[in-house]
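Heads up: the structure comes next, in structure tokens.
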Amino acid sequence: MSRKKNNTLEMYAKVCEKLSKHSSEISALQEQTTAAKTAEKELKALKAKISDQTVDMKALDVKTIEWQAKVHETEGRLKAKEKEKEERSADNNRKMASLKSEVEGKLKCLEDRERKVEEKIAKGAELCSQADSVAVAARKKQDKIYAKFEEMFEQANDYMDNVDHSLDQVEEAEKTASGQLAG
């Protein structure tokens, strides 16, 4: 009986060993199942997240299209403004060139007038100088003539005085001669 017990015990030990091995395998399978379920939940969560992100991306794609349309529209307006600015600039440049030409023409005209005025002023100064010279010469000549006139006037006075004196003498001589003739 002991042998039978030994055999039974051995058999129990082998069965326990096999059960323990199977239990370990079952635990490993349960862990794998739990891990698989967790992975499946994570996969579902990731799929939901991807779905949400796809929706977000579609919304962003719509917004991107809207922004691209706005950018295109803004670029069009910007090009129109730049063209308008270039046209204004070209127009202003033409006006400036015209004004510059006009101003240069007027400056040339003013320079010619200024030159003519300066020539006339110089001529006037020369004429004034000549007039002053003529006036000085005339004054000298006038003074000379006046001095000569004074001299001639004095000589004429002297002559008249002499003539008067001579007439007086002639009258006296006549009176004396007529008094002698009467007497």
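Summary of computed values
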| read-out | value |
| --- | --- |
| Cα long-axis angle, helix 2-182 against the chain (0 to 90 degrees, to the nearest 10) | 0 |
| Charge sum, other residues only, whose C-beta stays under 13 Å from Leu9's C-beta, Lys/Arg counted +1 and Asp/Glu -1 | +2 |
| Correct choice for Cα extents along the principal axes in Å that was computed from the model, options (1) 55, 39, 22; (2) 249, 40, 21; (3) 53, 33, 21 | (2) |
| Förster radius 41 Å - calculated FRET efficiency between Glu31 and Ser2, Cβ distance, rounded to 0.05 | 0.45 |
| Two-site FRET efficiency, His165 against Ile145, from Cβ-Cβ distance with R₀ of 41 Å, rounded to 0.05 | 0.90 |
| Total formal charge among the other residues, if their Cβ is under 12 angstrom from that of Gln155, Lys/Arg +1 and Asp/Glu -1 | -4 |
| For Ala39, net neighbour charge (Lys/Arg +1, Asp/Glu -1) across residues whose Cβ lies under 14 Å away | +1 |
| Leading residue at positive end of dipole, the stretch 94-171 (Cβ point charges), from Val117, Ala137, Ser166 | Val117 |
| Theoretical gain in end-to-end length, Leu127 to Lys79 [0.36 nm per residue, Cα-Cα removed] | 10.3 nm |
| Two-site FRET efficiency, Trp67 against Arg88, from Cβ-Cβ distance with R₀ of 35 Å, rounded to 0.05 | 0.70 |
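No lab work stands behind these numbers, since they all come straight from the coordinates. These numbers come from a predicted model, not from an experiment. For neighbour counting, all protein chains shown are included, and Cβ atoms are generated from backbone atoms with ideal geometry for every residue, glycine included.
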